[in-house]
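S.K.: The following block contains the structure, expressed as structure tokens.
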Amino acid sequence: MNLDELGWKTYSSKIGLDPEGFKVGRVAVENKSEYKLFTSDGEVSGILRGKVLAGLEPDGFPKVGDWVRFSKLPETGKVVIEEILPRVSKISRKSPQDEHEQVIVANVDAVVIVQSLPDDFNLRRLERYLVIARQSGAQPIVVINKIDLHDEYLEAIVEAKAIAPDAPVVAVSAQTKQGLEDLRDLLKPGMSFVLLGSSGVGKSSIINAIIGEDKQVTRSIRDYDGRGRHTTTRREMILLPSGAILIDTPGMREVALWADESEINRAFEDVDDLALQCRFSNCDHDKSDGCAIKAALDDGRLEQSRYQGYLKMIREAEYLAARGDKQKERARNAKTKSVHKIMHNRLKQKYKKD
Ligand SMILES: Nc1nc2c(ncn2[C@@H]2O[C@H](COP(=O)(O)OP(=O)(O)OP(=O)(O)O)[C@@H](O)[C@H]2O)c(=O)[nH]1
Ligand SMILES: [Mg+2]
Ligand SMILES: [Zn+2]
């Protein structure tokens, strides 16, 4: 492994860093207390220095895709992660447990959003994934899988393109390998990609089909009972022979947004453009006169379901924004407290010695 095979060139060109004088590696897997790192010396196991301090920051722990600086621990063969290098992108969602930001993976160049025919193709969900991708700083790519199960997949491509005009949309079958070349062409060497999508859409199968061996575990479709059991249980970085870097993830049950209003508006340019055409700048898009959105809903230029999906996301963003201020305050307090405690203990030690 050399650093460029891990995507260092793409990363460092964005961040302007030169690893001269320190050792860097990339987080390939997060285990409970250890991290599998890919480094120029191969695969190593890393533990985190300053775990307590890392835990005070909402996204202070290393995530798959992170570049880290490490030092060697003598004898054990393990290394210590000293620092997480700046992230150029991060995929975040709202944590199902505590409604904080949860970083799923870091430093990816593109998000491969996977849906499958016939049952998991859903435009409203696709819109949510597109907002997540936009918010992350990575490019979206839309993959429609299992086209062997559905003859009318061309329609699905047209529908997906309509709501993701600036993203490549490819239709594939991981089983028959149809369309796979189109996807492979998008997976450029040295670039990092994360596959996102519901459980069972075939994310791991696509990775296996691309590398041509059954590396990732997949499950027989008979075993899918709709209760949302995941086959893939952890995020994992996989280096393709072609030089592209993929991250497989467990299916998301709920696409909980961590996004702000401006990113949502960018993903809904059509709605945003309409709002600019309303007669009054403070239009409520409900009872106001001369509302361009209402007009477009009436004559079918804007689909009701798309508009409702948009409103729902905006409400979620407003809720998060309102909570965000409180959370920041709490995090600040927690940090001050712990720093005080550390100072206090140091003083106690000092006076003991004196
Ligand atoms: N017919 C057909 N079946 C497929 C295709 N791709 C995947 N499958 C099947 O769909 C099932 C789920 O595939 P996985 O690759 O495990 O799905 P996943 O998205 O990785 O699921 P999680 O790891 O649980 O998130 C398996 O039984 C696959 O064999 C396809 O293109 N066509
Ligand atoms: Mg999987
Ligand atoms: Zn209006």
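S.K.: If you take every residue apart from Val172 with its C-beta less than 10 Å away from the C-beta of Val172, what net charge results, scoring Lys and Arg +1 and Asp and Glu -1?
M.R.: Residues close to Val172 contribute a combined charge of 0.
S.K.: From the cross-link list Lys90/Lys177; Lys23/Lys203; Lys161/Lys203; Lys90/Lys188, which pairs have alpha carbons spaced over 22 Å apart?
M.R.: In this structure, Lys90/Lys177; Lys23/Lys203 exceed 22 Å between Cα atoms.
S.K.: Let me ask something else. Report, in debye and to the nearest 20, how large the dipole of the chain comes out about its Cα centre when Lys and Arg carry +1 and Asp and Glu carry -1 on their Cβ.
M.R.: Roughly 2320 debye, rounded to the nearest 20.
S.K.: In vacuo Debye scattering of region 148-299, one point per C-alpha: log10 I(q)/I(0) at q = 0.11, 0.19 Å⁻¹?
M.R.: Here log10 of I(q) over I(0) equals -0.62, -1.24.
S.K.: Roughly speaking, what is the centre-to-centre gap between region 158-225 and region 77-154 when only Cα atoms are used, to the nearest Å?
M.R.: Using only Cα atoms, the two centres lie 12 Å from each other.
S.K.: Taking square-rooted eigenvalues a ≥ b ≥ c of the alpha carbon gyration tensor, is the chain rounded, prolate or oblate, where a/c under 1.5 means rounded and, failing that, a/b exceeding b/c means prolate?
M.R.: Oblate, because a/c is 1.5 or more while a/b does not exceed b/c.
S.K.: Would you mind ranking Val108, Val103, Val80 by Cβ crowding within 10 Å, fewest neighbours first?
M.R.: Val80, Val103, Val108
S.K.: Let me ask another. Tell me which residues come under 5 Å, amide H to amide H, from Ser198 once H is placed; ignore anything under 5 positions away on its chain.
M.R.: Correct list: Met252.
S.K.: Taking Cα pairs under 8 Å and at least six residues apart, what relative contact order does region 4-44 come out at, in percent?
M.R.: 26 percent.
S.K.: To the nearest 20 Debye, how big is the dipole of region 1-140 about its Cα centre, given +1 on the beta carbon of each Lys and Arg and -1 on that of each Asp and Glu?
M.R.: 220 debye
S.K.: How big is the shadow of the Cα convex hull of region 1-146, averaged over all directions, in nm²?
M.R.: 10.5 nm²
S.K.: Among Leu117, Gly202, Gly251, whose Cα lies farthest out toward the positive end of the dipole of the chain, if unit charges sit on the beta carbon of Lys, Arg (+1) and Asp, Glu (-1)?
M.R.: Gly251
S.K.: Can you tell me, using C-alpha contacts under 8 Å and at least 6 residues apart, the relative contact order of the chain as a whole percent?
M.R.: Rounded, it is 13 percent for the chain.
S.K.: Taking a ≥ b ≥ c as the square roots of the eigenvalues of the Cα gyration tensor of region 229-301, is the shape rounded (a/c under 1.5), prolate (a/b larger than b/c) or oblate?
M.R.: prolate
S.K.: Still on this structure, I have one more. List Asp109, Asp151, Asp272 from most exposed to least, where exposure is judged by having the fewest other Cβ atoms within 10 Å.
M.R.: The fewest-first ordering by Cβ neighbours comes to Asp151, Asp272, Asp109.
S.K.: From Cα pairs below 8 angstrom and at least 6 apart in sequence, can you work out the relative contact order of region 46-191, rounded to a whole percent?
M.R.: Relative contact order comes out at 17 percent.
S.K.: Quick check on the exposure proxy: order Ile91, Ile157, Ile210 from fewest to most C-beta atoms within 10 angstrom.
M.R.: Ile157, Ile210, Ile91
Where a number appears in this text, it was derived from the coordinates with a stated rule and is not lab data. Just so it is clear, the model here is predicted, and its values are computed rather than measured. Positions of Cβ are generated from backbone atoms using ideal geometry, with glycine treated the same way; all protein chains shown enter the neighbour counts.
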